[in-house]
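Below is one structure; the comments refer to it alone.
The values are calculated or read from the model by the stated rules, or taken from the named source; none is laboratory data. All figures in this text were calculated on a predicted structure; none of them were measured in a lab. Positions of Cβ are backbone-derived with ideal geometry, glycine not excepted, and every protein chain shown enters the neighbour counts. Heavy atoms of the whole protein, side chains included, go into the accessibility calculation; ligands, DNA and RNA do not. Shrake-Rupley method; radii C 1.70, N 1.55, O 1.52, S 1.80 Å.
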Amino acid sequence: MEVIQLHYDVNANDFTCAGEASGKLKRELKRLGFEPDVVRRTAIAVYEAEINMVIHADGGAIDASISPECITVVLKDRGPGIPDVSLAMREGYSTAPENVRNLGFGAGMGLPNIKKYSDKVDIDTVIGEGTTITLRINTAPAEN
Amino acid sequence: MKVRDIVDILDGSIVFGEDYLDRDVYRACGSDMMSDVLAFVKEQAVLLTGLVNPQVVRTAEMMDMKCIVFVRGKSPDIGMIDLAQEREIVLIKTDLEMFTSCGLLYAHGLRGGSGK
């Protein structure tokens, strides 16, 4: 299998469509025949990140790079940036507004969930410019 | 337990998914916080919730869930039904409250995830 590149745009403030890109990526991974656990972990991590893009930034872009060994997803937004990444990584810490909480998100589990389901996460954030999250999911168990 | 058993036990009604009632389900979770649902993946096939918005269906989709039960008499809107139809997820509604719904299903053999 060659490396497959996929691109999705995420619209700002469109909570109805949030998750559309993650769902498409999930179905594509399933179609390519990846293990259900790999598909699910990728889908959940990207979904949380996509929701964050809609809540905190003005949308953004998702680029996935799929190879037999690993799935790498880069989520780039032009939002306000994250002032304190270690604080944002803490379970239960949230800056989401009340209307987002009413929709079932903003429990402070977004970034912790992304970290939990990914094998590697890099967060590159600049205040006033935006945030880029790069997550990697290994598709095969590490060889001993 | 089959999905159709859930309808009987909760005295519920089927909003969508008549064709999928013979699916087997063993585990469930109940929550109005979707991020909490996403935090614990343990093959739960059923989501019980009082929350009504498209992200409920999308959360179930990401988790490979087979059935969503709306408690406290909540009804999904047409957009959610369309989404569930595309994803082949059964939608059930019941007038029972969350606690009672979970308790009844547990008493009939459905189990929760095993946590972290």
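Only bridges with both residues in chain B count here: give the DSSP antiparallel percent, nearest 5. Here the share of antiparallel DSSP bridges comes out near 25 percent. GNM on chain A, alpha-carbon springs under 10 angstrom: the most fluctuating residue among A:Gly128, A:Gly23, A:Gly108 is A:Gly128. Distant-in-sequence amide contacts of B:Arg27, defined by a placed amide H-H separation under 5 Å and a gap of 5 or more residues or a different chain, comprise B:Ala45, B:Val46, B:Arg111. Loop-located trypsin sites (Lys or Arg not before Pro) in the stretch A:74-144 (DSSP state not H, G, I, E or B) with no more than 14 neighbouring Cβ atoms inside 10 Å: A:Arg90.
Determine Rg/Rh for chain A; Rg is computed over alpha-carbon atoms and Rh is the Kirkwood hydrodynamic estimate from the same atoms.
0.96
So what is log10(I(q)/I(0)) for chain B at q = 0.10 1/Å, when the Debye sum runs over its Cα atoms only? Listed by q, the Debye log ratios stand at -0.23. In the context of the full protein assembly, A:Ile133 retains an accessible surface of approximately 20 Å², using a probe radius of 1.4 Å and ignoring ligands and nucleic acids.
Quote the convex hull volume per residue of the protein assembly as shown, based on C-alpha atoms, as a whole number of Å³. It would help to have the intermediate numbers written out before the result.
On the way: hull volume 34.1 nm³, N = 260.
Per-residue hull volume (Cα only) is 131 Å³.
Over chain A, calculate the relative contact order: mean separation of alpha carbon pairs under 8 Å at least 6 apart, over the residue count, as a percent.
Working: 275 pairs, mean separation 38.4, N = 144.
Answer for chain A is 27 percent.
Counting only DSSP H runs of at least 4 residues, each contributing -39500 (n - 2.57), and dividing by the residue count of chain B, the helix-based mean residue ellipticity at 222 nm comes to -10000 deg cm²/dmol. Mean separation of Cα pairs under 8 Å and 6 or more residues apart, divided by the residue count, gives chain B a relative contact order of 33 percent. I'd like the orientation of helix A:36-56 relative to chain A: the angle between its Cα long axis and the longest Cα principal axis, in ° from 0 to 90, rounded to 10. It is inclined by approximately 20 degrees.
For chain A, the longest principal axis of the Cα atoms and the long axis of helix A:20-31 meet at an angle of about 10 degrees.
Looking at the protein assembly as shown alone, DSSP beta bridges between its own residues are antiparallel in about 75 percent of cases.
The stretch B:5-80 and the stretch A:58-88 have their alpha-carbon centroids 29 Å apart.
As a check on your grasp of the helix formula, calculate [θ] at 222 nm for chain A: sum -39500 (n - 2.57) over DSSP H runs of n ≥ 4, divide by the residue count, round to the nearest 500.
Numbers: 5 runs with 49 residues, N = 144.
After summing the helix terms and dividing by the residues of chain A, the value is -10000 deg cm²/dmol.
Here the extension length gained between A:Glu91 and A:Asp14 equals 25.2 nm, from 0.36 nm per residue of separation less the Cα-Cα distance.
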